[in-house]
Amino acid sequence: MKRRPIVAGNWKMNGTQEQAAAITRELLAHAVNPRVEVVLCPPFTALAAVGKLLGKSQILLGAQNVHWESKGAFTGEISAPILKDLGCRYAIVGHSERRQLFGETDAMVAKRLRAALANGLSGILCVGETLEQRKQGKTWAVVEAQLKAALDRVEPAAAQTQMVIAYEPVWAIGTGQNATAAQAQEVHEKIRNWLVQRFSRGAADGIRIQYGGSVKADNAAELMAQPDVDGALVGGASLEPKSFIAIVESTFQAKEAGCSTASS
Ligand code: PGA
């Protein structure tokens, strides 16, 4: 099965409305390759401005987080219906910065993912190990536990059509030290096999698995050429339109070369 590659830009806590609009305009000025699904995840405060500019373009809007309740007394939180109202199609859940800096637990991540899916958003579920865990040989145990917890009560149909998994080794995020293509493929393949067991071969073959962690214009081609790497979740480089466009293009080239075909 050929999966449509997906490249998402996670702008993190960067960008006033004006700065966000400037990046968006520059991206829109380039014809984004329709063979790649492109998603922008600006800060909550810029979602409206970016969404308005994107309009009906090919580029989709995503949020960096989503709360599990729909509404109510949850100061500082943003719900899935609010995000939908702003035109969001995606929500990132379980980013390692949320887990590490803001104490998000697997249980919270699971609730966020379920809320996104229940409200018709697609979820980008982030998983990944720390350097310490990798050194201790615990990479797969950590990733598997995160997958298990987050997908505990997710239906196969929703997983297949509304979920993307982002493998983001914590040690590679914002460090300039990306995982090698072989390291990424090794974990991606294990994730795919785990999804076969959890759901089905068909579902697992349809679910896209992004790599994230210091993806740049100059390392994207090699990473994206791996058979189980279906795109990228890009932080720093997504704030530079030229780099982001180059990553999208590299992804397209790598996948057009026939590397994204998985036997179904
Ligand atoms: P980075 O961030 O590309 O800046 O390493 C990736 C991410 O946090 O999603």
Can you tell me how many residues in region 211-241 are among the basic types (Lys, Arg) and touching a residue at least 60 places away in the same chain (Cβ under 8 Å)? 0
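Over 17 Å from the mean Cα position of the chain (by Cα) and closer than 22 Å to LYS2 by Cα, is that true of ALA181? Before you say what the answer is, go through the steps one by one.
Values: over 17 Å from the mean Cα position of the chain (by Cα): yes; closer than 22 Å to LYS2 by Cα: yes.
Answer is yes for this residue.
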Odd one out for ARG201, checked against (1) over 22 Å from ILE92 (Cβ atoms); (2) among the basic types (Lys, Arg); (3) within 15 Å of the ligand (Cβ to nearest atom): (3)
Going through region 80-93 one residue at a time, which ones are open to solvent by 10 Å² or more (accessible area, probe 1.4 Å) and of a type in the set (A, V, I, L, M, F, W, C)? ILE82, LEU86
Only one residue in SER238, SER214 is open to solvent by less than 30 Å² (accessible area, probe 1.4 Å), within 15 Å of the ligand (Cβ to nearest atom) and not in a loop (DSSP other than H, G, I, E, B). Which one? SER238
Conditions (1) in a loop (DSSP other than H, G, I, E, B); (2) surrounded by fewer than 17 Cβ atoms within 10 Å (Cβ to Cβ); (3) of a type in the set (Lys, Arg); (4) modelled with pLDDT of 95 or more; number of the one not met by ARG153: (4)
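A quick yes/no check of all residues on (1) in contact with a Lys or Arg (Cβ under 6 Å, 6 or more places away or on another chain); (2) open to solvent by less than 70 Å² (accessible area, probe 1.4 Å); (3) modelled with pLDDT of 95 or more; (4) within 16 Å of the ligand (Cβ to nearest atom):
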| position | (1), (2), (3), (4) |
| --- | --- |
| VAL7 | no, yes, yes, yes |
| TRP11 | no, yes, yes, yes |
| LEU27 | no, yes, yes, no |
| ALA48 | no, yes, yes, no |
| ALA63 | no, yes, yes, yes |
| THR75 | no, no, yes, no |
| ILE78 | no, yes, yes, no |
| HIS95 | no, yes, yes, yes |
| THR105 | no, yes, yes, no |
Checking ALA107 against (1) touching a residue at least 40 places away in the same chain (Cβ under 8 Å); (2) part of a helix (DSSP H, G or I); (3) under 18 Å from the mean Cα position of the chain (by Cα): exactly one of these is not met. Which one? (3)
Neighbours by Cβ (under 7 Å, 6+ apart or cross-chain): first from region 86-103, closer than 18 Å to LEU40 by Cβ; second among the charged types (D, E, K, R) and away from the ligand (no atom under 13 Å from the Cβ): VAL93/ARG112
When (1) assigned to a helix (DSSP H, G or I); (2) open to solvent by 80 Å² or more (accessible area, probe 1.4 Å) are applied to ALA141, the one that fails is (2)
When the residues of region 110-138 are narrowed to those that are over 17 Å from the mean Cα position of the chain (by Cα) and in a loop (DSSP other than H, G, I, E, B), which ends up surrounded by the fewest Cβ atoms within 10 Å (Cβ to Cβ)? GLY137
So THR175 fits all but one of (1) part of a helix (DSSP H, G or I); (2) in contact with a Ser or Thr (Cβ under 7 Å, 6 or more places away or on another chain); (3) open to solvent by 30 Å² or more (accessible area, probe 1.4 Å); (4) within 16 Å of the ligand (Cβ to nearest atom); what number is the exception? (1)
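The values are calculated or read from the model by the stated rules, or taken from the named source; none is laboratory data. Fair warning: this is a prediction, and the values are worked out from it, not measured in the lab. As a convention, Cβ positions derive from the backbone with ideal geometry for all residues, glycine included, and neighbour counts pool all protein chains shown. Ligands, DNA and RNA are excluded from the accessible area calculation, which covers all protein heavy atoms including side chains. Shrake-Rupley method; radii C 1.70, N 1.55, O 1.52, S 1.80 Å.
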